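Participant: Starting off with a structure, shown below.
Computed from the coordinates by the stated procedures, all read-outs in this text should not be read as laboratory data. Source: prediction; values computed, not measured. All Cβ positions, glycine included, derive from the backbone under ideal geometry; neighbour counts span all protein chains shown.
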Amino acid sequence: MITQNDYPAVETLLQDARLDKALKTIGEKVLAGERLTTDEGILLFEKGELGYVGALANFVRVRMHGDKTYFNRNFHIEPTNVCIFTCKFCSYSKLYKHKEEGWELSVDQMLDIVKKYDGQPVTEVHIVGGVHPKMNLDFFVELLEKIRAHRPDLHIKGFTAVELDYMFRKAKLSVQEGMKKLHDAGLQSMPGGGAEIFHPDIRAQICHDKVDADGWLDIHRTAHNLGMHTNATMLYGHVEQYWHRVDHMERLRRLQDETGGFNTFIPLKFRNKDNEMEHVGEVSVIEDLRLYAIARLYMDNFPHLKAYWPMLGRQSAQLTLSFGVNDLDGTIDDTTKIYSMAGAEEQNPSMNTAQLAMLIKQAGRRPVERDTVYNEIKDYTDVVFSDEELMAK
Ligand code: V47
Ligand code: SF4
């Protein structure tokens with residue numbers, strides 16, 4: 001297991017006379033627990049080689065969480081893949097005019113998915129999909145109420161700020177009024193999707209027609225003020241420059257200073273299969289790991305950094321656990337399509353608890369099951385799994 005003994009290694013690294021002066025100053029600030037500036041964030045992207053940023057990020061990760069790596073037991077519901085928006089990176093949505101290629105589930109069909117998990121120890125349902133013009137606020141209020149009535153113990157995490165922005169505008173409600181309605185119906189927290197890259201120059205190129213940065217941040221602020229926790233994502237590795245990434249993280253860090261309502265930062269690697277941005281290519285695994293490490297160093301007020309394993313693939317996800325990541329999402333047990341359609345390694349992402357816990361143990365970390373808001377449910381360090389559990393499909 002990795003322990004606090006990693007500390008001297010970082011201190012030794014900082015003594016190396018060959019180390020760039022500015023990088024050394026950043027390292028010293030990290031050790032002292034001081035916040036990095038935007039210029040320092042950009043410098044880390046420009047000059048910070050993997051070993052250096054990785055050692056620092058691991059130091060911070062161990063300081064915050066020791067060797068714990070969290071996961072939860074969840075399942076996803078995707079109400080529809082029909083979407084009125086036209087994000088160029090999206091391999092998932094079917095435009096409304098091609099909706100014969102898409103699917104749309106009724107409230108009862110979605111409730112049937114929830115019922116499939118009756119008696120199983122899942123703690124969260126994650127509801128996210130395209131923006132269908134006919135699925136309005138009242139439709140989702142009914143869905144939330146029915147899920148809550150059927151299974152009150154299940155934490156309902158749902159809807160990106162993009163879906164909510166459209167729902168509220170259509171219902172002619174303010175963000176505050178709309179959010180309150182959903183919260184009262186059973187919505188307990190929100191995922192982090194739709195953030196992409198906040199800077200308007202990048203949004204204009206990749207997702208010009210959906211909610212802008214201020215709208216996204218305002219919806220999360222409103223949720224936080226109602227006592228809900230939310231996540232934040234960043235879609236990286238396409239047309240953005242390093243400074244756009246830092247600008248994105250800075251906007252999130254500021255809102256977190258204001259509300260404290262974010263749980264987790266989730267960098268999402270752009271995958272280029274079957275979308276309008278195929279020509280852009282994909283960044284290397286080195287760039288992925290550097291990004292996770294720099295995110296851990298920069299986002300000092302975000303308690304958790306998550307690698308979403310269905311998108312990254314299992315082996316890269318294991319690697320991220322040495323580069324700042326302390327959360328691997330959940331034992332996704334369905335046919336989550338948004339990534340498999342974009343070329344992610346995992347075409348049918350599914351891992352049971354034994355497999356996910358073993359993946360974490362093999363990376364030298366301590367698997368801990370959590371609920372959505374990071375209450376610890378079970379430490380799997382000493383749990384021995386049967387071959388059957390480990391081999392199950
Ligand atoms: O906003 C779409 C991304 C997001 C592609 O909060 C793509 O716990 C890569 O936000 N390549 C939606 N990414 C999913 C999401 C999420 C996932 C898991 C956990 C949580 C959480 C949130 O998926 C979108 C967009 O950034 N996405 N297309 C693509 N080609
Ligand atoms: Fe619609 Fe989301 Fe795809 Fe954009 S990323 S087109 S909002 S489903």
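Participant: Which FRET efficiency value, to the nearest 0.05, is calculated for Asp16 and Glu376 with the Förster distance at 56 angstrom and r the Cβ-Cβ distance?
Facilitator: Computed FRET efficiency for Asp16 and Glu376: 0.90.
Participant: Name the long-range amide H neighbours of Thr86: under 5 Å, sequence gap of 5 or more, or other chain; modelled H, no Pro or chain starts.
Facilitator: Asp209
Participant: Quote the FRET efficiency, to the nearest 0.05, computed for Asn225 versus Arg254 with a Förster distance R0 of 22 Å and r equal to the Cβ-Cβ distance.
Facilitator: 0.90
Participant: Arrange the peptides 189-197, 15-23, 210-218, 101-109 so that the one whose residues have, on average, the most other Cβ atoms within 10 Å appears first.
Facilitator: Highest-to-lowest ranking by the protection proxy: 189-197, 210-218, 101-109, 15-23.
Participant: Compute the helix-to-body angle for 175-185: its Cα long axis versus the longest principal axis of the chain, expressed 0 to 90° and rounded to tens.
Facilitator: 70 degrees
Participant: Separate question: Which whole-angstrom value gives the distance between the alpha carbon centres of region 218-281 and region 43-72?
Facilitator: 19 Å
Participant: Stokes-Einstein D for region 71-165 at 25 °C, 0.890 mPa s, Kirkwood Rh over Cα pairs, in µm²/s?
Facilitator: Value of D from the Cα-based Kirkwood radius: 175 µm²/s.
Participant: Please list 60-69, 74-83, 378-387, 137-146 highest first by mean number of surrounding beta-carbon atoms within 10 Å per residue.
Facilitator: For the peptides 60-69, 74-83, 378-387, 137-146, the packing ranking is 74-83, 60-69, 137-146, 378-387.
Participant: Still on this structure, I have one more. Compute the acute angle (0 to 90°) between the alpha-carbon long axis of helix 50-65 and the principal axis of greatest extent of the alpha-carbon atoms of the chain; round to the nearest 10°.
Facilitator: The answer is roughly 70 degrees.
Participant: Next up: Under the rule of at least 5 residues apart or a separate chain, name every residue whose amide H is placed under 5 Å from the amide H of His155.
Facilitator: The list, which skips near neighbours in sequence, is Glu124, Val125.
Participant: Kindly work out what percent of the DSSP beta bridges joining two residues of the chain are antiparallel, to the nearest 5.
Facilitator: 15 percent
Participant: If you fit an axis through the alpha-carbon atoms of helix 353-362 and take the longest principal axis of the Cα set of the chain, what angle between them do you get, 0 to 90°, nearest 10?
Facilitator: 10 degrees
Participant: Here is a follow-up. Which whole number of Å³ per residue matches the convex hull of the alpha-carbon atoms in the chain?
Facilitator: Normalising the Cα hull of the chain by residue number yields 132 Å³.
Participant: Another question about this same structure. Using label points projected 7 Å from each Cα along Cα→Cβ, tell me how many nm separate Met64 and Val239, to one decimal.
Facilitator: The answer from the label model is 3.1 nm.
Participant: Students often get this wrong, so check it: of Lys24/Lys68; Lys116/Lys361; Lys88/Lys361; Lys172/Lys306; Lys181/Lys306; Lys29/Lys210, which have C-alpha atoms separated by over 32 Å?
Facilitator: Lys88/Lys361; Lys172/Lys306; Lys29/Lys210
Participant: Here's something else I'd like to know. Can you give me the C-alpha center-to-center distance between region 139-172 and region 297-327, rounded to a whole angstrom?
Facilitator: Between the Cα centre of region 139-172 and that of region 297-327, the gap is 28 Å.
Participant: Please flag any cysteine in the chain that has no other cysteine's Cβ under 4.7 angstrom from its own Cβ.
Facilitator: Taking the Cβ cut-off of 4.7 Å, the unpaired cysteines of the chain are Cys83.
Participant: If you don't mind, another one. Please give, to one decimal in nm, the separation of the simple spin-label points placed at Glu142 and Asp112, each 7 Å out from Cα toward the Cβ.
Facilitator: 1.6 nm
Participant: Using θ = phi - 60° and the Karplus curve 6.51 cos²θ - 1.76 cosθ + 1.60, what whole-Hz ³J(HN,Hα) does each residue of region 16-27 get, with Gly and Pro shown as x?
Facilitator: 5, 5, 7, 5, 3, 4, 5, 5, 5, 4, 4, x
Participant: Taking H as built 1.01 Å from N, whose amide H comes closer than 5 Å to the amide H of Met234, not counting residues under 5 places away?
Facilitator: Amide H neighbours of Met234: Ile266, Leu268.
Participant: Lys/Arg Cβ at +1, Asp/Glu Cβ at -1, dipole of region 102-212 taken about the Cα centre: which of Leu164, Gln205, Ala195 is farthest positive-ward?
Facilitator: With unit charges placed on the Cβ atoms, the residue in question is Leu164.
Participant: Further question: Highest mean first, how do 165-172, 121-128 rank when packing is the count of other Cβ atoms within 10 Å averaged over residues?
Facilitator: 121-128, 165-172
Participant: Can you tell me the Rg and Dmax of region 4-65, counting just the alpha carbons, in angstroms?
Facilitator: 10.9, 31
Participant: Multiplying the sequence separation of Thr38 and Ser284 by 0.36 nm and subtracting their Cα-Cα distance, what value in nm do you get?
Facilitator: Result for the pair: 86.2 nm of gain on full extension.
Participant: Assigning unit charges at the beta carbon (Lys, Arg +1; Asp, Glu -1) and nothing else, what dipole magnitude in debye, to the nearest 20, does region 4-65 show about its Cα centre?
Facilitator: It comes to approximately 100 debye.
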